[in-house]
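These notes concern the structure reproduced below.
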Protein chains: 2
Amino acid sequence: MKRDSRLSWVLHALLHMSQADRSITSDQLAGWMDTNPVVVRRTMGLLRDEGLLATVKGPGGGWSLACDPEKVTLRRLHEILGDGNLFAIGVKTETPSCLVEAAVNRRLTSAMAEAEALLLARLGEITLADLLADFAGEDGAAFATHRDGPS
Amino acid sequence: MKRDSRLSWVLHALLHMSQADRSITSDQLAGWMDTNPVVVRRTMGLLRDEGLLATVKGPGGGWSLACDPEKVTLRRLHEILGDGNLFAIGVKTETPSCLVEAAVNRRLTSAMAEAEALLLARLGEITLADLLADFAGEDGAAFATHRDGPS
DNA sequence: GTTTCATGTAACGTCAAATATTACGTAACT
DNA sequence: AGTTACGTAATATTTGACGTTACATGAAAC
């Protein structure tokens, strides 16, 4: 399975945006995130629809943060992105007629549910502000890694 | 992405096999698991290579359990199957040059590692025998769900 | 010993989900 | 008007899981 990496690069984008003093275009972000501008608009549009980002059309327009980094958890972002399956493994039949298979499914889904709950809880404990703090003090180096990065 | 369901149906197969008094062919298993005989051989071959199953060629041959259900955990099976990625989400870049992205990756992979550890721990607590016990008493009903099941 | 049953395995085909791309529409600034 | 930028539908590409075909090998039955 191809892993869904949207949460990963959206976070990356949000952090850079939170430090920029002006809005950033989809093209710029696509360059930094090594993806396509349309993908950026499509994905970040989900966050805009939730009021976390603001977009402005036309020259000088682009994307900017419209939320308090202290108040946005990774869990919230994960849920907005709507990643369906958190796991790459799963049961073969959702509602099996065989009782043996049903017993297997109960055990597997129960274990996976526990792990999922833990992961969501951890993601719920981490805010954008926490991530910003993670590299506080090395901002210069951080931005030097993207050509044409925010001044 | 398509979720890897091998652990799920291999368990299903092992449970049925553990109750059969004779070996079972790949064709039979493929019928019950709703898959292809070659897939059965490919997948269960991994377990045979680890000594958990025995195969016999020729008429009357097939697959049979060669291990103690008390001693085989779901974790062991998961590891033998070698499912690479447990999660359907992941970081975009494994070794990023951007420090911001690296900070994101650290947080994400750390949270995922915790969840993975929990899931593996849970799978390590469950044996084939536990699964067999789950439906003890309803054996007849269990087997009735597969036509031509073990007598 | 050859026919039949069954596994072993390489090679290739199919399918679904994530991502990428193309194309065109709309709004805003100059 | 022309340029910049987002909005979005439609389509293509990619990747990994799974399925299928084909053929080889070994064991039993006759």
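Residues that are within 18 Å of A:I80 (Cβ to Cβ) and in contact with a Pro (Cβ under 8 Å, 6 or more places away or on another chain) within region A:27-48 comprise just one, A:L29. Quick check on A:L81: is it more than 8 Å from DNA strand D (Cβ to nearest atom), of a type outside the set (S, T, N, Q) and touching a Cys at 6+ places or on another chain (Cβ under 6 Å)? Here the answer is no, as A:L81 does not meet what is asked. With respect to A:V10, is the statement that it is within 15 Å of DNA strand D (Cβ to nearest atom), open to solvent by 40 Å² or more (accessible area, probe 1.4 Å) and assigned to a helix (DSSP H, G or I) true? The answer is no for A:V10.
The single condition among (1) under 30 Å from B:L7 (Cα atoms); (2) more than 9 Å from every other protein chain (Cβ to nearest Cβ) that A:P96 does not meet is (2).
Among residues of region B:56-73 that are over 13 Å from B:G45 (Cα atoms) and within 14 Å of DNA strand D (Cβ to nearest atom), none has a Cβ under 6 angstrom from a residue that is open to solvent by 30 Å² or more (accessible area, probe 1.4 Å) and basic (K, R) at a sequence gap of 6+ or on a separate chain. Tell me, please, whether a residue that is open to solvent by 10 Å² or more (accessible area, probe 1.4 Å), within 7 Å of chain B (Cβ to nearest Cβ), within 21 Å of B:R75 (Cα to Cα) and away from DNA strand C (no atom under 16 Å from the Cβ) can be found in region A:117-132. Yes. Considering only residues that are open to solvent by less than 50 Å² (accessible area, probe 1.4 Å) and in contact with a helix residue (DSSP H, G or I) (Cβ under 6 Å, 6 or more places away or on another chain), look in region B:29-46 and name the one that is farthest from DNA strand D (Cβ to nearest atom). It comes out as B:L29. With the requirement that a residue be in a strand (DSSP E or B) and open to solvent by 30 Å² or more (accessible area, probe 1.4 Å), what does region A:47-69 give you? Passing the criteria: A:A54, A:T55, A:V56, A:S64, A:L65.
Within region B:65-81, at least one residue is within 24 Å of A:K92 (Cα to Cα) and hydroxyl-bearing (S, T, Y). For region A:70-87: of the residues being more than 9 Å from chain B (Cβ to nearest Cβ) and not in a helix (DSSP H, G or I), which is surrounded by the fewest Cβ atoms within 10 Å (Cβ to Cβ)? Checking each candidate, the answer is A:G82. The single condition from (1) away from DNA strand D (no atom under 16 Å from the Cβ); (2) more than 7 Å from chain B (Cβ to nearest Cβ); (3) buried (at least 16 other Cβ atoms within 10 Å of the Cβ) that A:A103 fails is (2).
Can you pull out the residues in region B:7-34 that are at the interface with chain A (Cβ under 8 Å from one of its Cβ atoms), under 24 Å from B:E79 (Cβ atoms) and not aromatic (F, W, Y)? The answer is B:L7, B:S8, B:L11, B:H12, B:L15, B:H16, B:M33.
The values are calculated or read from the model by the stated rules, or taken from the named source; none is laboratory data. None of these values were measured; they are calculated from a predicted model. FYI the Cβ positions are ideal-geometry reconstructions off the backbone, even for glycines, and counts take in every protein chain you see. With ligands, DNA and RNA removed, areas are computed over all heavy atoms of the protein, side chains included. Shrake-Rupley method; radii C 1.70, N 1.55, O 1.52, S 1.80 Å.
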